[in-house]
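Trainee: For reference, the structure I am asking about is given below.
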Amino acid sequence: MAKYTEAKCRMCRREGCKLFLKGDRCFTDKCAFDRRPYAPGQHGRARKKVSEYAVQLREKQKVRRTYGVLERQFRGYFAKADMAKGVTGTNLLVTLECRLDNVVYRLGFANSRNQARQLVRHGVFSLNDHKVNIPSLQVNVGDVISVPEKNRKIPVLAEAQEVIARRGCPGWLEADGAAFKGTVKAMPQRDDIQFPINEQLIVELYSK
C-alpha cells in the first residue's frame, strides 16, 4: 500500500495552515509551521499569482492530507458523497469523520490520526467487541470502540484521560478514558467539524 514517508510538516507549510499531523507537537514551539509559515522549497517565500484552479486544488489537498487519505480513495469518497442524498460537500466530510481511525483520534486514544491509523492496523481496538484492523472502516450510531484489557498498557492509551481532558471530545461522541471506551452517539453534523474547510471548492474542482 502506498504511504507518504516525507516530512509531514512540509504538508502544513504547503497548505498554509496547521493540519495537526504530529499531534501535541503542533501546539509547541517546535511546530515547523510556526517557525516557517511559508511554502517549502527555494521559492517558498515568493509572491505568486494564484488561479481559481490552484485555490480549489489546495483545498482538496488540505482535506485529503488532514485525514491521511490517498487520491484514489478520496475520489471514491467523493463519488459516494455525490450519489448520496443531501449536500455533496457535507456528505464527503461526514464520511471522512466517520472513519475508524479518525474516531479513535477524536476520542483521545491517539495523539494524531497517523498514530490512530497505526494502532488500528495493529489490532489494538475492538468495535462492538470484535477485533478490527481496518482504519477506513465506517462507524455507525451506537457503535462502541473499546480497548481490550491486554492492550491497555500501551503508553499512548494510558494517557487517554489526560488527552481527553486537554483536547475535549466532539458532541457526537462520548469518551470514557477510565474504561478505555468510546461510543458513537450520533452522526457528525457540519457544525461539529471546526477545522477551516471550504468543501464547496472541492465540489467545484471535481465537477469540472
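The values are calculated or read from the model by the stated rules, or taken from the named source; none is laboratory data. Predicted, not measured: the structure shown is a model, and the values here were computed from it. Here the Cβ is made from the backbone with ideal geometry for all residues, glycine too, and neighbour counts use every protein chain on show.
Trainee: Report, by residue number, each residue of the range 51-70 that is modelled with pLDDT of 90 or more and of a type in the set (Val, Ile, Thr).
Mentor: VAL63, VAL69
Trainee: If a residue counts only when it is farther than 17 Å from TYR206 by Cβ, free of Cβ contacts under 8 Å to residues at least 40 places away in the same chain and touching a helix residue (DSSP H, G or I) at 6+ places or on another chain (Cβ under 7 Å), which helices (runs of 4 or more DSSP H) contained entirely in the range 47-156 have at least 2 such residues?
Mentor: Values: elements: 52-67, 71-83, 88-97, 100-107, 113-121.
It comes to 100-107, 113-121.
Trainee: Exactly one of these conditions fails for GLY89: (1) within 30 Å of ALA178 (Cα to Cα); (2) of a type in the set (Gly, Ala, Ser); (3) modelled with pLDDT of 70 or more. Give me its number.
Mentor: Condition (1) is where GLY89 drops out.
Trainee: Of everything in the range 112-151 that's among the basic types (Lys, Arg) and surrounded by fewer than 13 Cβ atoms within 10 Å (Cβ to Cβ), which residue is farthest from LEU96 (Cα to Cα)?
Mentor: Within the range 112-151, the first condition is being among the basic types (Lys, Arg), and the residues that meet it are 113, 117, 121, 131, 150.
This time we only want the ones that are surrounded by fewer than 13 Cβ atoms within 10 Å (Cβ to Cβ), so: 131, 150.
Values: LYS131: 21, LYS150: 29 Å.
The residue in question is LYS150.
Trainee: Filtering the range 47-60 down to residues that are surrounded by fewer than 18 Cβ atoms within 10 Å (Cβ to Cβ) and within 19 Å of the chain's Cα centre (by Cα), which residue is farthest from GLN115 (Cα to Cα)?
Mentor: First, pick out the residues of the range 47-60 that are surrounded by fewer than 18 Cβ atoms within 10 Å (Cβ to Cβ): 47-55, 57-58.
Now narrow it down to the ones that are within 19 Å of the chain's Cα centre (by Cα): 57-58.
Working: LEU57: 26, ARG58: 24 Å.
Step by step, filter the range 47-60, then rank; the result is LEU57.
Trainee: Let me ask another. Go through the range 176-192 and report how many residues are in a loop (DSSP other than H, G, I, E, B) and in contact with a strand residue (DSSP E or B) (Cβ under 7 Å, 6 or more places away or on another chain).
Mentor: Counting residues in the range 176-192 that are in a loop (DSSP other than H, G, I, E, B) and in contact with a strand residue (DSSP E or B) (Cβ under 7 Å, 6 or more places away or on another chain) gives 2.
Trainee: Further question on the same structure: Is it the case that GLN73 is surrounded by 11 or more Cβ atoms within 10 Å (Cβ to Cβ), over 19 Å from the mean Cα position of the chain (by Cα) and either within 18 Å of TYR105 (Cβ to Cβ) or at pLDDT 85 or above (or both)? Walk me through it before giving the result.
Mentor: On the way: surrounded by 11 or more Cβ atoms within 10 Å (Cβ to Cβ): yes; over 19 Å from the mean Cα position of the chain (by Cα): no; either within 18 Å of TYR105 (Cβ to Cβ) or at pLDDT 85 or above (or both): yes.
Answer is no for this residue.
Trainee: Right, here's the next one. Please find, among GLU159, GLU174, the residue that is among the acidic types (Asp, Glu), surrounded by 15 or more Cβ atoms within 10 Å (Cβ to Cβ), farther than 27 Å from ARG72 by Cβ and under 18 Å from the mean Cα position of the chain (by Cα).
Mentor: Details: GLU159 fails: under 18 Å from the mean Cα position of the chain (by Cα).
GLU174 is the lone residue from the list that is among the acidic types (Asp, Glu), surrounded by 15 or more Cβ atoms within 10 Å (Cβ to Cβ), farther than 27 Å from ARG72 by Cβ and under 18 Å from the mean Cα position of the chain (by Cα).
Trainee: Go through the range 157-175 residue by residue and tally those that are in a loop (DSSP other than H, G, I, E, B) and out of contact with any strand residue (DSSP E or B) (no Cβ under 6 Å at 6 or more places or on another chain).
Mentor: Of the residues in that region, 5 qualify.
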